[in-house]
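Chemist: Can you read through this structure? Questions will come right after.
The values are calculated or read from the model by the stated rules, or taken from the named source; none is laboratory data. Keep in mind the model is a prediction, meaning the values are calculated, not measured. For neighbour counting, all protein chains shown are included, and Cβ atoms are generated from backbone atoms with ideal geometry for every residue, glycine included. We work out accessible area using only protein heavy atoms, side chains counted, and drop any ligands, DNA or RNA first. Shrake-Rupley method; radii C 1.70, N 1.55, O 1.52, S 1.80 Å.
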Amino acid sequence: MFVKKVELDVDARRIADFPKPLKSEVIFLGRSNVGKSSLLNALFGRKMAKTSSTPGKTRSLVFFKINEKYHLVDFPGYGYAKISKAERQRWSELIESYFTTSRPRKASFLLVDSRIPIQKSDVEAYEWLLAMEERVIIVSTKIDKVKNNDLVRKMKEMERAFAGAEDIIPVSTVSRKGLKELDSKLRYYVER
Ligand SMILES: Nc1nc2c(ncn2[C@@H]2O[C@H](COP(=O)(O)OP(=O)(O)OP(=O)(O)O)[C@@H](O)[C@H]2O)c(=O)[nH]1
Ligand SMILES: [Mg+2]
């Protein structure tokens, strides 16, 4: 495992809360409930990020300090209809301000739910990241819920929808498939 030590550094609700940059940083984004916080916990080897079966659990930018020199950031999910307009506005301002601030970001891990069709919001998020010249790694989540044949087809769809991504990695935090590969990708990007 790449992560040897993890601490909650800052739970940022406003731009003023963002911590001082460390050596490097990678971020985890995706629709609400796609499994961002669960995946971080799997990479940490312990439950540090809050998870929930109801969407909209993560409501801030949660900066975890790992191995005393890097940040991994857990983002609030997009595409969740049930939050108030004001709250959604606050999240999108927070997320946009994150990208306008200078950070030592090495890569963005964009999580996409393998159980459902690729959503317009996923493609929009992907294109938005590409337009900002981000290195994007697509993580196809919850593959324990998808039959092998369907997964092969799904991966082809993702290759088309996310052409230009650095990589597409299928994972499950339940069966733990793909976690080893993801762990080594994380190390690669954080240390590059
Ligand atoms: N079957 C299955 N369920 C998963 C997997 N990963 C996460 N989940 C479940 O999906 C739900 C949402 O997980 P979270 O990790 O809280 O999702 P999130 O993307 O952080 O959600 P928000 O913070 O609301 O944006 C929880 O009920 C998890 O147990 C997986 O690999 N397989
Ligand atoms: Mg979360």
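Chemist: Please determine, by comparing only the residues of the range 1-19 that are assigned to a loop (DSSP other than H, G, I, E, B) and either in contact with a Ser or Thr (Cβ under 8 Å, 6 or more places away or on another chain) or open to solvent by less than 20 Å² (accessible area, probe 1.4 Å) (or both), which one is farthest from ligand 2 (Cβ to nearest atom).
Modeler: First, pick out the residues of the range 1-19 that are assigned to a loop (DSSP other than H, G, I, E, B): 1-5, 13-14, 18-19.
Within this subset, residues satisfying the condition of being either in contact with a Ser or Thr (Cβ under 8 Å, 6 or more places away or on another chain) or open to solvent by less than 20 Å² (accessible area, probe 1.4 Å) (or both) are 2-3, 13, 18-19.
On the way: PHE2: 20, VAL3: 17, ARG13: 14, PHE18: 18, PRO19: 19 Å.
This residue is PHE2.
Chemist: How many residues are open to solvent by 60 Å² or more (accessible area, probe 1.4 Å), basic (Lys, Arg) and free of Cβ contacts under 8 Å to residues at least 60 places away in the same chain when one looks only at the range 143-189?
Modeler: Residues that pass the stated criteria total 7.
Chemist: Let me ask something additional. Go through (1) within 20 Å of LYS5 (Cα to Cα); (2) assigned to a strand (DSSP E or B) one by one and return the number of the condition ALA42 breaks.
Modeler: (2)
Chemist: Moving on. Taking the criterion of being of a type in the set (A, V, I, L, M), away from ligand 2 (no atom under 16 Å from the Cβ) and touching a Ser or Thr at 6+ places or on another chain (Cβ under 8 Å), would at least one residue in the range 121-135 satisfy it? Give the derivation first.
Modeler: Taking the range 121-135 as the starting set, the residues that turn out to be of a type in the set (A, V, I, L, M) are 123, 125, 129-132.
Among the residues that remain, those that are also away from ligand 2 (no atom under 16 Å from the Cβ) are: 123, 129-132.
Remaining after also requiring touching a Ser or Thr at 6+ places or on another chain (Cβ under 8 Å): 129.
Within the range 121-135 (the criterion being of a type in the set (A, V, I, L, M), away from ligand 2 (no atom under 16 Å from the Cβ) and touching a Ser or Thr at 6+ places or on another chain (Cβ under 8 Å)), the answer is yes, since at least one residue qualifies.
Chemist: Answer with yes or no whether ASN33 is part of a helix (DSSP H, G or I), within 16 Å of ligand 1 (Cβ to nearest atom) and not acidic (Asp, Glu). Quick ask: steps written out before the conclusion?
Modeler: Details: part of a helix (DSSP H, G or I): no; within 16 Å of ligand 1 (Cβ to nearest atom): yes; not acidic (Asp, Glu): yes.
It is false that ASN33 is part of a helix (DSSP H, G or I), within 16 Å of ligand 1 (Cβ to nearest atom) and not acidic (Asp, Glu).
Chemist: If you check LEU22 against the conditions, is it of a type in the set (A, V, I, L, M, F, W, C), in contact with a strand residue (DSSP E or B) (Cβ under 7 Å, 6 or more places away or on another chain), surrounded by fewer than 19 Cβ atoms within 10 Å (Cβ to Cβ) and not in a helix (DSSP H, G or I)? Please lay out each step first, then the result.
Modeler: Details: of a type in the set (A, V, I, L, M, F, W, C): yes; in contact with a strand residue (DSSP E or B) (Cβ under 7 Å, 6 or more places away or on another chain): yes; surrounded by fewer than 19 Cβ atoms within 10 Å (Cβ to Cβ): yes; not in a helix (DSSP H, G or I): yes.
Spelling it out, LEU22 is indeed of a type in the set (A, V, I, L, M, F, W, C), in contact with a strand residue (DSSP E or B) (Cβ under 7 Å, 6 or more places away or on another chain), surrounded by fewer than 19 Cβ atoms within 10 Å (Cβ to Cβ) and not in a helix (DSSP H, G or I).
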